[in-house]
Amino acid sequence: MTCEQARTQMLGESGGEDFAAHLASCESCRNEVSRIGTLWQSLDLLPLEEPSGTVRERFYEMLGAYRQGLASAEPRKAFVWWQAAAAAALLVLGLGLGYGVRGDKSRPEMAQLREEVASMRQLVALSLMQQQSASERLRGVTWAYRAEPSDREVLGALVTAVNHDTNVNVRLAAVDALRRFAASPETRRAVIEALPSQTTPLVQVALIDLLVDFKERSAAGVLKTLAANQGANDGVRQQAQWALEKLQ
Amino acid sequence: MKKLLVLSFTAALMAPAVLPQDAQKATVAFSDPSRPRKLVVETMSGSITVRGYGGQEAIVETTGTGFRARKGKETEPPAGMHRIGGDSAGVEISEENNTVRISSGPSPFAQAGVVIQVPTQTSVSVNARLGNAITIENITGEIEANNMNGQVTITNVSGSVVAHSMNGKIVASINSVTPDKAMSFSTMNGKIDVTLPASIKANVKLKTNHGDIFTDFDVKLDSTAQPPQVEDNRQKGGRYRVQFDRGTTGTINGGGPEIQFTTFNGDILIHKK
């Protein structure tokens, strides 16, 4: 047995004839073993650390201080009139300031802040609309209501959802959210273009209703085609006919 | 002959398996039980039932095959031969990334149904093109159901529900909802009958073209959103008409995530649980 092999045995349950034989023949290993033995013995001699009596005392002191703190914070005096007055004054001041700041579009920081909030909302809407779960995409569509009515990226995402989302309910919600972008001619064009390619009757009805609400007379051609389409759903054809009458 | 076919898939082994003609039951394990599970069902025909249970695997059972439904009796193979295929409602099952996918082929004769049992905590997405009814029960997770022909019935579930039927009614009873999840129920021809927990906080958006809306919730209707349109043509000898928007919005218990109800021909009923 080599010294190295012997050393690995020193730390564990040492034993075996080989080990004993090696110790007998090797002085350095013998010294090592006795050194380790003494170390263990002196470790055993160390007294066990007992928690001192003051630990308990200090804990209760702390607890008492905490309770006292709680108690001193508790006694709330009855509502005093000047508190109410101060609160009202602050509210008026805040409203006034807010009103003043709101009107001031020229200040660059405000404009920047506004832009940042808008882009944050855009980001939330766009990223939620990319999610796998239909429920999350619905949330994304809800966020689109908070986007700026001029936000073309959110509008684009909504139009994509109307035309391509696999879930009917997401398409329905997206059609509804287009109302937010009613002012843009792009929106109206997108709705007219979406109608012929849409195959789900309920979404077709939602698009027709939207065109009526937009009072979009230029949709008459598409509506006429749909109303005359034998292959289309009866309810949808009736709705298209009704829309034509409304738009005249 | 009834065979028990046990298919155990791991993420590494993802080849889809086609159930042989006689097999009526198959068990598929999710590759990682500790991660969120998902079940996706796409069928061309037949009815679909998804049921949560206490186990850890997906158990798929088919009831009746198209081949037999058409012939009305067992077709015996010619002497010395065995059947290897036909126009049965072949069911294909695969597992990948903790998602079990089940699809059945286009079989116009199939009256087949499929019953799938999954662990209660599983997200479920069911899409039936020419099928009958979709039934989902005892599930906790995100639930999506889309049915072309039949009705959608969802009972004893928690989480969130997004359901559509083209020609059937939607019945859903939800025990508790995941906060912040949006939900939506829609049908072209049928009523929507939804039961929600009494404490739910939600913004509701209701629309029916030819129907009524009923609820026992205290729904605070949004009066500012869309004022009624007044059409006054009396000076020109015309008529006077007040028209309310078909869409109604409101809040329950102070408002929260959006829940959308849309139907063309049918009533909307929202019950308090």
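Derivation of every value follows stated rules applied to the coordinates shown; laboratory data play no part. What you see is a predicted model, and the numbers here were worked out from it, not measured in a lab. FYI the Cβ positions are ideal-geometry reconstructions off the backbone, even for glycines, and counts take in every protein chain you see.
Evaluate peptide A:173-179: per residue, the Cβ atoms of other protein chains within 10 Å of its Cβ; return the mean as an integer.
Working: counts 8, 0, 1, 5, 0, 0, 2.
Counting other chains' Cβ atoms within 10 Å and averaging over A:173-179 gives 2.
Estimate the FRET efficiency between A:R30 and A:R58 by the formula 1/(1 + (r/R0)^6), using the beta-carbon distance for r and 51 Å for R0, to the nearest 0.05. Write down the numbers at each step before the final one.
Numbers: r = 50 Å, r/R0 = 0.99.
For R0 = 51 Å, the calculated efficiency reads 0.50.
Efficiency by 1/(1 + (r/R0)^6): what FRET value for A:Y145 and A:A111, r their Cβ-Cβ distance, R0 = 22 Å, to the nearest 0.05? Walk me through the numbers before you get to the answer.
Values: r = 22 Å, r/R0 = 1.02.
Calculated transfer efficiency: 0.50.
Tell me which residues come under 5 Å, amide H to amide H, from B:V50 once H is placed; ignore anything under 5 positions away on its chain.
B:I116, B:T135, B:I136, B:E137
Cut-off 13 Å, label point 7 angstrom out along Cα-to-Cβ of B:K273: give me the residues of the stretch B:182-220 whose amide nitrogen falls inside.
B:194-201
If amide H atoms are built 1.01 Å from N in the plane of the peptide, which residues on other chains or at least 5 residues away come under 5 Å of the amide H of B:L130?
B:S45
Once the dipole of the stretch A:90-156 is set up with Lys and Arg at +1 and Asp and Glu at -1 on Cβ about the Cα centre, which of A:V92, A:A147, A:L128 lies farthest towards its positive end?
My answer, from the dipole projection, is A:V92.
Between the stretch A:27-63 and the stretch B:156-218, what is the C-alpha centre distance in whole Å?
68 Å
Using helices alone, I'd like the mean residue ellipticity at 222 nm for chain A: each DSSP H run of four-plus residues gives -39500 (n - 2.57), total over residue count, nearest 500. Don't jump to the answer; show the numbers that get you there.
Numbers: 13 runs with 186 residues, N = 248.
Rounded to the nearest 500, the figure is -24500 deg cm²/dmol.
In nm, to one decimal, how far is the modelled label at B:E42 from the one at B:F217, with both set 7 Å along Cα→Cβ?
Those two pseudo-labels are separated by 3.3 nm.
Report, to the nearest 10°, how far helix A:185-197 tilts away from the longest principal axis of the Cα atoms in chain A, using its own Cα long axis and a range of 0 to 90°.
Computed tilt is about 90 degrees.
Tell me, which cysteines of chain A are without a disulfide-compatible partner by the Cβ under 4.7 Å rule?
Cysteines of chain A left without a disulfide-compatible partner: A:C3.
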